[in-house]
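Values in this text are rule-based calculations from the coordinates and carry no lab data. All values derive from a computational prediction rather than experimental measurement. As a convention, Cβ positions derive from the backbone with ideal geometry for all residues, glycine included, and neighbour counts pool all protein chains shown.
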Amino acid sequence: MNVEKPIDTILLIEQCPDVFNEIKSLLAFIGYDAVLLSDTEQLGVLLQNKTFCAVLVGRLQGDTPARVLQVIAAHSRAPAVILLNFIDDQFNSLREQWPFVVANLLLPLRHDPVVDALNRVQCVRGTAGVTKKILGNMPKLGGSSAAMQYVRKMIEQVARSDASVLILGESGTGKEVVARNIHALSNRCKSNFVPVNCGAIPGELLESELFGHEKGAFTGAITARQGRFELAEKGTLFLDEIGDMGLTMQVKLLRVLQERTFERVGSNRSISSDVRILAATHRDLEKFIREGKFREDLYYRLNVFPIELPPLRTRMDDVPELLQDQMDRIERESHVHLRFTAATLDALCQYSWPGNVRELGNLAERLCILYPDGTVDVKHLPQKYQPASKKTSTFTFDPARMFSDPPEAEDILVANTADMHVDTELGVPALGKAGLDLKEHLAHLEVQIIQQALEISCGVVAHAAELLKMRRTTLVEKLKKYGMSAGKEL
């Protein structure tokens, strides 16, 4: 039985070309085309000659929404209608009169409400299954800065091909979100998206994880097991932190990419592979190649189409929008609503965000726990997020800091505030008559430095240990010693 392909063109009735360009860009990213109509007199003829999956009704000049909806209703296959920037009472009135009016979107448009509105359109047209699956599983790539618009354009251009993509950027910038968007917009979207963190799996186990193994292939292999390549067949395999993969495993991966076949560990039977490879790293792979840590031939196999994500500190205008996206997500999941004062948003726009969007999300969750359904002012922010003018040069007890420093560190601070002040030029405390406990002071400094390393590495213990030039096991022991959160072990 032939299934009619869903029509993916949307008609926009709008007087302002700038509004049309903004809407067209967002719709293109989601997978829809847009056609502009500024003269409503041509609406009837256009609907006769072309079929649209939906009509967006925006600002009209010399016409009324009611007349436009009458023209649309006169057609036997009236498309669903989405209104733009209508007040609630007017939207409700029009929806009661014309059932094909399905949603009202407010400008500037945001990703999630647009996806919800388009899913309602597909429900009206009876094709909700496919579209809801594709759109509903595509995470939002937040921000409307020029840099992020360019990233979206790159995603759109490469998604439909089978080219390998190398996604570059600092930790926390959203590399997996980019990979998932590429998969969702690709021709492989109905098959699996399989992520693998190459830095989180020990080298001796990574081969089995990727290619699978047969029963008895090694100690503990009590049953045969499929690998990630088999699970991603006809779909997409996302190799995160590819820069942390060992050289031996790089050779085996290169062979699979070249020959499109592999063998399970403990087997000599070749298995064909039809998988698209997306890779990501925060490492400088070209530097690694010069140092002999990464194979040049594998690099060029992966780097067919590079996409580089900008750090959040270079696009600070996106901070309010990204914060709102995080709050929307938290409100959907836990029904907690939070408001921010203008001064708070200004302060967050001045912070450097070393942990990028991941750090912003963590802060949003922390504030929702501390101040559920409240209003967050600058004084409620942990100290490091406050403007420089708000920070003090002496150690004083601040309740907000309880949630950014370990309790043991706070105990040390409280115990010594009476006689200890910081010399901001030397960075060391000035001894008072009462002296100080050197052991406790050094422990406090160690806690602070470890805390900074964990924040920079977004809680990944292995990366924090690398920053501190120590073994991961040593850092784990120190975390236990000070009662600090261990974050992510790998």
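Here are the numbers for the structure shown:
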quantity: Anisotropy class of region 149-277 from Cα gyration tensor, a/c 1.5 cut; calculated: prolate
quantity: Sum of side-chain charges, GLU286 neighbourhood, beta-carbon under 15 Å (Lys, Arg +1; Asp, Glu -1); calculated: +1
quantity: For region 9-26, 3J(HN,Hα) per residue [Karplus equation, 6.51 cos²θ - 1.76 cosθ + 1.60, θ = phi - 60°, Hz, x = Gly/Pro]; calculated: 10, 10, 8, 10, 9, 7, 8, 9, x, 5, 5, 4, 4, 5, 5, 4, 5, 5
quantity: Rounded to the nearest 20 debye, dipole of region 8-47 from Cβ charges on Lys, Arg, Asp, Glu; calculated: 80
quantity: Rounded if a/c under 1.5, otherwise prolate or oblate - region 5-111, Cα gyration tensor axes; calculated: rounded
quantity: Relative contact order (%) - region 147-223, alpha-carbon pairs under 8 angstrom, separation at least six; calculated: 22
quantity: Proximal charge balance of PHE20 [Cβ under 14 Å; K/R count +1, D/E count -1]; calculated: -3
